[in-house]
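See structure below.
The values are calculated or read from the model by the stated rules, or taken from the named source; none is laboratory data. This structure is a prediction, so every number in the text was calculated from the model and none was measured. We work out accessible area using only protein heavy atoms, side chains counted, and drop any ligands, DNA or RNA first. Shrake-Rupley method; radii C 1.70, N 1.55, O 1.52, S 1.80 Å.
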Amino acid sequence: MRVLFLGNSFTSGFDLPKQIQAVLAAHFGKECECAAVCAGGAALAQWRNDKDGAVARAVKGCGGRFDYVVLQEQSNKPWKNKAKYEEAVKGLHEVAGGLQAETVLYQTTPWKAWVGAEEESALLENVEAAAAALQGGCAVAPVGRAAQLLRSAHPAIPQWEKDGRHPSCAVVFLAACVFAGVLAGDPAGVARVTFPLEALPPKARRAAPSEEDARRIAGIAAAALQQMGRKRAASEDAEAPGEKKRRRK
């Protein structure tokens, strides 16, 4: 399996791609080769335009073949300008199609100041809406929804770094669990995942969650994936037969 990540520090922080790679190998028996194009504060429009050729170089470096392309937007974009966000997603979805890859939208976690506010709900809902708006739709990694469940069930687990914006090591592990479930097609299997300590550089390991918290986080990730699966099934059941047929094409 080959995965290309396009994003910023929400993807590169605590080496999310390497955590996903380690989790897939250890718990799902899947080898995963990851390539990441990230820059601090980058928006998807930057990778869509690719003026410096970073995306083209990553694609060439992996022989032009990927199974998945993960799109992670700058935090403000989905709720501040939904139309521009959807435009960037659509353009990169076409790039993914040219690579014979499936698109996965990374639903990021909100800044701490947004929790319970309009910004949080708009962020989560607009990522889901962007996926549904694509021809045939695409997968969403519901990390934002999982973080809501984690805050409710285990409020003592830290969710942010000191800046109140970037996700903590615990939440990056939550994201790794969510992505592993999406990429492996095994939401329930996520509940058995343990923290991949070897995926972190030595200095970052002090931020790792405890074994007990890691078990809690994995359980929450599995619950969020199953919750999204039920929501998607209910939505499909409510569609008109003609719309269902168009989505399957």
Keeping all protein chains in position, work out how much accessible area Glu118 exposes to a 1.4 Å probe, and write it in Å² to the nearest 10.
150
Taking a probe of 1.4 angstrom, what is the accessible area of Leu134 in Å², to the nearest 10?
10
Amide H neighbours of Glu102 under 5 Å, at least 5 residues apart or on other chains, H built in the peptide plane: list them.
Tyr68, Val69
Sequence of Glu128, Glu211 from largest to smallest accessible area, 1.4 Å probe:
Glu211, Glu128
When a/c reaches 1.5 or more, the comparison of a/b and b/c decides; with that in mind, is region 19-116 rounded, prolate or oblate per its Cα gyration tensor?
oblate
List, in order, the whole-Hz ³J(HN,Hα) value for each residue of region 77-86 obtained from phi through the Karplus relation with A = 6.51, B = -1.76, C = 1.60 and θ = phi - 60°; use x for Gly and Pro.
4, x, 9, 7, 8, 4, 5, 5, 4, 5
Candidates Gly137, Gly64, Gly219, ranked by Gaussian network fluctuation over the chain, Cα under 10 Å, top entry
Gly64
Where only alpha carbons of region 76-156 are counted, the Rg and the Dmax (Å):
13.7, 44
Reported to the nearest 10 Å², Val182 has, with a 1.4 Å probe, an accessible area equal to 30
For the chain, what % of the accessible area comes from carbon and sulfur atoms, probe 1.4 Å?
49
Along region 14-22, what does the Karplus equation 6.51 cos²θ - 1.76 cosθ + 1.60 (θ = phi - 60°) give for ³J(HN,Hα), rounded to whole Hz, x for Gly and Pro?
6, 6, 3, x, 5, 5, 4, 4, 5
Which residues' amide hydrogens lie under 5 Å from the amide hydrogen of Ala42, considering only partners 5 or more residues apart or on another chain, with H built in the peptide plane?
Ser9
Measuring from centroid to centroid over Cα atoms, what is the spacing of region 188-212 and region 44-66 in Å?
30
With all protein chains present and a 1.4 Å probe, how do Arg215, Arg165 order by accessible area, largest first?
Arg215, Arg165
Can you run phi through the Karplus equation (6.51, -1.76, 1.60; θ = phi - 60°) for region 110-126 and list ³J(HN,Hα) in whole Hz, with x for Gly and Pro?
x, 5, 4, 5, 8, 4, x, 9, 4, 4, 5, 5, 5, 4, 5, 5, 6
Give the accessible surface of the chain per residue, rounded to a whole number of Å², with probe radius 1.4 Å and ligands, DNA and RNA excluded.
47
Please work out whether the chain counts as rounded, prolate or oblate from its C-alpha gyration tensor, where a ≥ b ≥ c are the square roots of the eigenvalues and a/c under 1.5 means rounded, while otherwise a/b larger than b/c means prolate and anything else oblate?
rounded
Ser168 long-range amide H proximity, modeled H, under 5 Å
Trp160, Glu161
Take the alpha carbon gyration tensor of region 1-66, find the square roots of its eigenvalues, order them as a ≥ b ≥ c, and report rounded if a/c is under 1.5; if not, report prolate when a/b exceeds b/c, else oblate.
oblate
